[in-house]
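Before any comments, here is the structure.
The values are calculated or read from the model by the stated rules, or taken from the named source; none is laboratory data. Worth saying up front: this structure is predicted, and the values here are computed from it rather than measured. We place every Cβ from the backbone using ideal geometry, glycine too, and count neighbours over all the protein chains shown.
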Ligand code: HIF
């Protein structure tokens, strides 16, 4: 199995056990490298997997998680991808240890691993992505702009092929991680436990009083009771829009329903643009680490 990844991919036929080994290695590193942000690279790995996938355009069938073209400067330097080098660098030792896996499979598998290890739902995953060269980089502007409203959310996620319910379900991932002033310009976490996946994001949207943060940075909301949490304008759009809000209410009330619908939609997100030879039945449900 030694040699360049391009050659070995053709010769080495990875089994489900081999992919579980990759999962286990990422899970091990997540525990090992806890000296980052809120104590975990998990959230930034989820953001990497989503930004690799979220460039998909259903009309032209371009972009999506096939290709891992964010490795190259034009796409890696897009403003929306600021800070994702931390996630890509975190995964380099995993790629070195398992050179047969493509970057595009590795990045989405890492997103799955991060969600599961942060106590989220099981996210069935299948391999089949192939890395592509710089010519396949997508144009800037395909990822969402947080300063915008519900029309923008529908335009961006509609382009990928999602409906209202799916857009709201996906949004629950903002219970994870935080904004960084040196990346997006925004600041702070959405939830009190940013390294544990819950439906807290929806409960906070419904229950807290939100007001504009008074600062010199970009317009964002803060919770009026602790002033330690944040919402982006696009997050608030989910309760300003009636059609979105009914799903926010459903997910705030029932975390099991949220987990089920979130799992289904993130499976779909991570598979956008992939020319699979396998079927949905071939998806792997990875075993979560004990502890
Ligand atoms: Fe995010 N998102 N996202 N996002 N996102 C940020 C961080 C994370 C949007 C904007 C931002 C989704 C949708 C949208 C995660 C996961 C998902 C940041 C902060 C911004 C500005 C970046 C930084 O400064 O470090 C917008 C406008 C979206 C469309 C509405 C997805 C649904 C919620 C698709 C999704 O899964 C995660 C995780 C993070 C935290 C990253 C971190 O480093 O902690």
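Of the candidates 263, 184, 225, the single residue that is at pLDDT 95 or above, out of contact with any strand residue (DSSP E or B) (no Cβ under 8 Å at 6 or more places or on another chain) and away from the ligand (no atom under 16 Å from the Cβ) is 225. Scanning region 142-181 for residues that are more than 11 Å from the ligand (Cβ to nearest atom) and under 18 Å from residue 47 (Cβ atoms) yields one hit, 142.
Got a sec? Which of 19, 41, 23, 103 is within 13 Å of the ligand (Cβ to nearest atom) and outside the structural domain of residue 188 (by TED's automatic domain parsing)? I'd like the intermediate steps shown before the answer.
Numbers: 19 fails: within 13 Å of the ligand (Cβ to nearest atom); 23 fails: within 13 Å of the ligand (Cβ to nearest atom); 103 fails: within 13 Å of the ligand (Cβ to nearest atom).
41 is the lone residue from the list that is within 13 Å of the ligand (Cβ to nearest atom) and outside the structural domain of residue 188 (by TED's automatic domain parsing).
Consider residue 7 against the criteria (1) at pLDDT below 95; (2) within 16 Å of the chain's Cα centre (by Cα): it satisfies all of them except one. Which criterion is unmet? Evaluating residue 7 over (1) at pLDDT below 95; (2) within 16 Å of the chain's Cα centre (by Cα) leaves (2) as the failure.
Between 169, 146, the distinction of being under 16 Å from the mean Cα position of the chain (by Cα), over 16 Å from residue 52 (Cα atoms) and in a loop (DSSP other than H, G, I, E, B) belongs to 146 only. Filtering 156, 123 for residues that are part of a helix (DSSP H, G or I) and modelled with pLDDT of 95 or more leaves a single hit, 156. Looking for something loosely packed, with under 14 Cβ neighbours inside 10 Å, out of contact with any helix residue (DSSP H, G or I) (no Cβ under 8 Å at 6 or more places or on another chain) and under 27 Å from residue 34 (Cβ atoms) - is there at least one such residue anywhere in region 239-259? No, because not a single residue in region 239-259 is loosely packed, with under 14 Cβ neighbours inside 10 Å, out of contact with any helix residue (DSSP H, G or I) (no Cβ under 8 Å at 6 or more places or on another chain) and under 27 Å from residue 34 (Cβ atoms).
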